[in-house]
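Colleague: Before anything else, here's the structure in question.
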Amino acid sequence: MLTRRHLLAAAPAAALARPAIAQGKDKLLKFVPAAAYSSPDPIWTTAIVVGIHALMVWDTPYGSDINLMPKPQMCAGEEVSADGLNWTFTLREGLLFHDGEKVRAHDVVPSINRWGQRNTYGQRLLAIADEIAVVDDRRWRIRLKEPFPQMLYALSQGCFVMPERMAKVPANQAVKEFVGSGPFVFQERDWVSGVRSVYTKFDKYLPRQEAPSNTAGGKVVNFERVEWLIQPDPGTGASALMAGEVDWVDQPLFDHLPMLQRNQQVRVEAADPFGLIGGLFLNHLHAPFNNRKLRQALLMAVDQREFIAAVLGDQARFAKIPVGFFTVGSPFASDVGMEALTGPRDIAKARQLVRESGYAGESVLLMSPSDQPQMHAMAAVCDSIFKKLGINVQLTTTDWGTLLTRRSVQKPANEGGWSAFNTRITGLGGADPTSVQLRANGTRAWFGWPDIPEIERLREAWFRAPTLAEQQAICRDIQRVAFQEVPYIPLGQWSQPTAHRSDLVGFVPSSAHVFWGVRRA
């Protein structure tokens, strides 16, 4: 087993970026995110950090509470015909964009269409919609070819409402402006990629009157300004938190948890009940991983315990292994095919499979983000596995923003593309077959672009299944096929603690960090 990688020790607290304008302590919140982003467009990229950013800047027609029940958010409500084929939605009164323009149905309809090109729920909706059309300024209708019982939950899943002109930008192109509809204004002029992002309270935002839960309910903002301060060195962020230079560190290193827990001015807690799942994603478009037998050889060599040790060190109590293609604890998780991960690891047999695959020594470009300790640690384990199997691996270290950009390139590795990379998916995102990482429709799929028609067919059947038992049976079949075809390789699941100053209270239970409700005691 590969031993725990040496991670950076806690560095002395460094002077972090100061606010551009003077702010009282009760008006300013300083946050250290887990990563930077190269594009703030949540439709163009599915990076977790961009999803957190997007929840601040844009609102959605519906939200979902911590029990994953959909609730009206921008909508006042909906009307649906008895046969479930005709839906009419009405916006709440008084909703404004950050430029002062009213939010209209003319904005919502193209926002749904743009979101629907990338999101799995949205793709399903667009596939069965006869019409998505404006009725008047506050109403729009959706006519379906067949019932879509998940409609309201779907509209809570990242369906961010943007102004019409932005929503008409093709989904495969990033928007160039960031006018929002949510509780915070993104201050683009203060954004320095890889250094800082700034958000200010939108005074004209109209919160709902219900208590907040996950992405639903009243999004009441208590800070005038939120600064995201990027810290490539995790030790600097942890030290700054203990010194009171920052208020909140998104994902402290597991190595740093004992030190943080000893500080009486710091609280460490697991805010996300769904956790994270590590994964190895392979490029199915080009050699060598367009070869199923080679992907199966990798699966035979992967030991999830190695990856958990690399990421969590001696904090293994936060881990849940083994994990298959559905989140541990999800109603769709099962033991089907799990022997591919739980059986004895056989490097000799895996090497034999590599030879049988016809692998011809092609160079494998494995991307590793140096500023993302968890992904960087996983990449080191993958590099070791590739070498053990006789795969000609080239470990290429970049920053996370560069990796996010490069992973969208569908050309071969020697033309600016890639062969493999590690990342994490949210436990919520991996809980059912709508996971974008499980899409298998070729060049329209998530990064890696697997083409596995049987997984696509089974997902469609899951959407139509009328009972939980039938949906669970379909998910067992999906996992069986996934272990045969290997769209990607799950590497372990863990709960991810967050850390903040003890005077911060009001955190909303959620599947991603949200900044409404938080206040200083």
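Colleague: Given GLN374, GLN410, which one is in contact with a helix residue (DSSP H, G or I) (Cβ under 6 Å, 6 or more places away or on another chain) and farther than 30 Å from ALA473 by Cβ?
Modeller: Numbers: GLN410 fails: in contact with a helix residue (DSSP H, G or I) (Cβ under 6 Å, 6 or more places away or on another chain).
Exactly one residue qualifies, and that residue is GLN374.
Colleague: Among ARG345, ARG351, ARG355, which is basic (Lys, Arg), under 20 Å from PRO490 (Cβ atoms) and surrounded by fewer than 21 Cβ atoms within 10 Å (Cβ to Cβ)? Write out each step before concluding.
Modeller: Numbers: ARG351 fails: under 20 Å from PRO490 (Cβ atoms); ARG355 fails: under 20 Å from PRO490 (Cβ atoms).
After applying the criteria, what remains is ARG345.
Colleague: Oh, and also: Quick one: in segment 120-156, which of the residues that are among the polar types (S, T, N, Q) and part of a helix (DSSP H, G or I) is nearest to ASP83 (Cα to Cα)? Break it down into steps so the answer makes sense when it comes.
Modeller: Kept after step one, since they are among the polar types (S, T, N, Q), are these residues of segment 120-156: 120, 123, 150, 156.
From the residues that got through so far, the ones that are part of a helix (DSSP H, G or I) too are 120, 123.
Numbers: THR120: 24, GLN123: 21 Å.
Per the criteria, the residue is GLN123.
Colleague: Sticking with this one: Looking at (1) in contact with a Leu (Cβ under 7 Å, 6 or more places away or on another chain); (2) part of a helix (DSSP H, G or I), find the lone condition where PHE421 falls short.
Modeller: (2)
Colleague: Being farther than 30 Å from VAL302 by Cβ, of a type in the set (Ser, Thr, Tyr) and surrounded by fewer than 20 Cβ atoms within 10 Å (Cβ to Cβ) is the filter here; which residues of segment 478-521 pass it?
Modeller: Result: SER502, single match.
Colleague: Return yes or no: is GLN437 in contact (Cβ under 8 Å) with a residue 40 or more places away in the chain, buried (at least 17 other Cβ atoms within 10 Å of the Cβ), part of a helix (DSSP H, G or I) and not charged (D, E, K, R)? Talk me through it step by step, then tell me what you get.
Modeller: Working: in contact (Cβ under 8 Å) with a residue 40 or more places away in the chain: yes; buried (at least 17 other Cβ atoms within 10 Å of the Cβ): yes; part of a helix (DSSP H, G or I): yes; not charged (D, E, K, R): yes.
Taking the combined requirement at face value, the residue satisfies it.
Colleague: For residues that are surrounded by fewer than 18 Cβ atoms within 10 Å (Cβ to Cβ) and either in a helix (DSSP H, G or I) or not hydroxyl-bearing (Ser, Thr, Tyr) (or both), tally how many sit in segment 457-471. It would help to see each step written out before you state the result.
Modeller: Going through segment 457-471, the residues surrounded by fewer than 18 Cβ atoms within 10 Å (Cβ to Cβ) turn out to be 457, 460-461, 464-470.
Filter again for either in a helix (DSSP H, G or I) or not hydroxyl-bearing (Ser, Thr, Tyr) (or both), leaving 457, 460-461, 464-466, 468-470.
Of the residues in segment 457-471, 9 are surrounded by fewer than 18 Cβ atoms within 10 Å (Cβ to Cβ) and either in a helix (DSSP H, G or I) or not hydroxyl-bearing (Ser, Thr, Tyr) (or both).
Colleague: I've got another one for you. Sort out which residues of segment 247-277 are of a type in the set (Val, Ile, Thr) and either within 23 Å of PHE202 (Cβ to Cβ) or under 24 Å from the mean Cα position of the chain (by Cα) (or both), and write them in order of number. If you could, list the steps in order and put the result at the bottom.
Modeller: As a first pass, look at segment 247-277 and keep what is of a type in the set (Val, Ile, Thr): 249, 266, 268, 277.
VAL249, VAL268, ILE277, listed by residue number.
Colleague: Same structure, new question: Could you please find all residues in segment 157-180 being of a type in the set (A, V, I, L, M) and assigned to a loop (DSSP other than H, G, I, E, B)? Steps first, please.
Modeller: The initial filter retains those residues of segment 157-180 that are of a type in the set (A, V, I, L, M), namely 161-162, 166-167, 169, 171, 174-175, 179.
Selection gives VAL161, MET162, VAL169, ALA171, ALA174, VAL175, VAL179.
Colleague: Which of (1) touching a residue at least 40 places away in the same chain (Cβ under 8 Å); (2) part of a loop (DSSP other than H, G, I, E, B); (3) surrounded by fewer than 24 Cβ atoms within 10 Å (Cβ to Cβ); (4) not assigned by TED's automatic domain parsing to the domain that holds GLN410 is the odd one out, the single condition VAL246 does not satisfy?
Modeller: (3)
Colleague: Which ones in segment 273-307 are among the β-branched types (Val, Ile, Thr) and surrounded by fewer than 23 Cβ atoms within 10 Å (Cβ to Cβ)?
Modeller: To start, the set of residues in segment 273-307 that are among the β-branched types (Val, Ile, Thr) comprises 277, 302.
Across segment 273-307, the qualifying residue is only VAL302.
Colleague: Starting from residues that are surrounded by fewer than 17 Cβ atoms within 10 Å (Cβ to Cβ) and closer than 22 Å to PRO40 by Cα, keep the ones in segment 406-416 and report whichever is farthest from the chain's Cα centre (by Cα).
Modeller: Among them, the one singled out is GLN410.
Colleague: For the subset of segment 216-236 comprising residues that are part of a helix (DSSP H, G or I) and touching a helix residue (DSSP H, G or I) at 6+ places or on another chain (Cβ under 9 Å), which member is nearest to ALA36 (Cα to Cα)?
Modeller: Step one: of segment 216-236, the residues part of a helix (DSSP H, G or I) are 234-236.
Next cut, touching a helix residue (DSSP H, G or I) at 6+ places or on another chain (Cβ under 9 Å) only: 234-235.
Details: PRO234: 13, GLY235: 17 Å.
The qualifying residue nearest to ALA36 (Cα to Cα) is PRO234.
Colleague: Going by the conditions given, is GLU78 touching a strand residue (DSSP E or B) at 6+ places or on another chain (Cβ under 6 Å), outside the structural domain of ALA54 (by TED's automatic domain parsing) and either modelled with pLDDT of 95 or more or surrounded by 14 or more Cβ atoms within 10 Å (Cβ to Cβ) (or both)? I'd like the intermediate steps shown before the answer.
Modeller: Details: touching a strand residue (DSSP E or B) at 6+ places or on another chain (Cβ under 6 Å): yes; outside the structural domain of ALA54 (by TED's automatic domain parsing): yes; either modelled with pLDDT of 95 or more or surrounded by 14 or more Cβ atoms within 10 Å (Cβ to Cβ) (or both): yes.
Yes.
Colleague: Sticking with this structure for a sec: Looking at segment 420-432 only, could you name the residues that are more than 12 Å from the chain's Cα centre (by Cα) and either buried (at least 24 other Cβ atoms within 10 Å of the Cβ) or without any contact (Cβ under 8 Å) to a residue 60 or more places away in the chain (or both)?
Modeller: Selection gives ALA420, PHE421, ASN422.
Colleague: Of the conditions (1) farther than 27 Å from ALA105 by Cβ; (2) among the β-branched types (Val, Ile, Thr); (3) surrounded by fewer than 20 Cβ atoms within 10 Å (Cβ to Cβ), VAL198 clears all except one; give me its number.
Modeller: VAL198 satisfies every listed condition except (3).
Colleague: Let me ask something additional. Of the residues ALA309, ALA350, ALA340, only one is farther than 23 Å from ILE425 by Cβ, in contact (Cβ under 8 Å) with a residue 40 or more places away in the chain, outside any loop (DSSP other than H, G, I, E, B) and among the aliphatic types (A, V, I, L, M); which?
Modeller: Details: ALA309 fails: farther than 23 Å from ILE425 by Cβ; ALA340 fails: farther than 23 Å from ILE425 by Cβ.
Result of the check over ALA309, ALA350, ALA340: ALA350.
Colleague: Filter segment 149-207 for residues that are of a type in the set (Ser, Thr, Tyr) and either more than 21 Å from the chain's Cα centre (by Cα) or farther than 26 Å from TYR121 by Cβ (or both) and give the result. Break it down stepwise before answering.
Modeller: Quick first cut of segment 149-207, residues of a type in the set (Ser, Thr, Tyr) only: 153, 156, 181, 193, 197, 199-200, 205.
Selection gives SER193, SER197, TYR199, THR200, TYR205.
Colleague: Moving to a separate point now. Could you grab me the full set of residues in segment 77-104 that are of a type in the set (A, V, I, L, M, F, W, C) and either over 30 Å from the mean Cα position of the chain (by Cα) or within 26 Å of TYR199 (Cα to Cα) (or both)?
Modeller: First, pick out the residues of segment 77-104 that are of a type in the set (A, V, I, L, M, F, W, C): 80, 82, 85, 87, 89, 91, 95-97, 103.
The answer is VAL80, ALA82, LEU85, LEU91, LEU95, LEU96, PHE97, VAL103.
Colleague: So which residues in segment 317-328 are touching a residue at least 12 places away in the same chain (Cβ under 8 Å) and either basic (Lys, Arg) or assigned to a loop (DSSP other than H, G, I, E, B) (or both)? Please lay out each step first, then the result.
Modeller: Just the residues of segment 317-328 that are touching a residue at least 12 places away in the same chain (Cβ under 8 Å), to begin with: 318-328.
Result: LYS320, ILE321, PRO322, VAL323, GLY324, PHE325, PHE326, THR327, VAL328.
Colleague: Of the conditions (1) among the charged types (D, E, K, R); (2) crowded, with 20+ Cβ neighbours inside 10 Å; (3) part of a loop (DSSP other than H, G, I, E, B), ASP314 fails just one. Which one is it?
Modeller: Among (1) among the charged types (D, E, K, R); (2) crowded, with 20+ Cβ neighbours inside 10 Å; (3) part of a loop (DSSP other than H, G, I, E, B), the lone unmet condition for ASP314 is (2).
Colleague: A follow-up question, please. Which of the residues belonging to segment 472-501 are of a type in the set (Val, Ile, Thr) and not in a strand (DSSP E or B)?
Modeller: Correct list: ILE474, ILE478, VAL481, VAL486.
Colleague: So, one more: So which residues in segment 381-405 are surrounded by fewer than 22 Cβ atoms within 10 Å (Cβ to Cβ) and under 30 Å from ILE43 (Cα atoms), if there are any at all?
Modeller: If the condition is that a residue be surrounded by fewer than 22 Cβ atoms within 10 Å (Cβ to Cβ) and under 30 Å from ILE43 (Cα atoms), then LEU395, THR396, THR397, THR398, ASP399, GLY401, THR402, THR405 are the ones that fit.
The values are calculated or read from the model by the stated rules, or taken from the named source; none is laboratory data. In this text the structure is predicted, and so the values were computed from the model without any measurement. Glycine also receives a Cβ, built like all others from the backbone with ideal geometry; neighbour counts cover every protein chain displayed.
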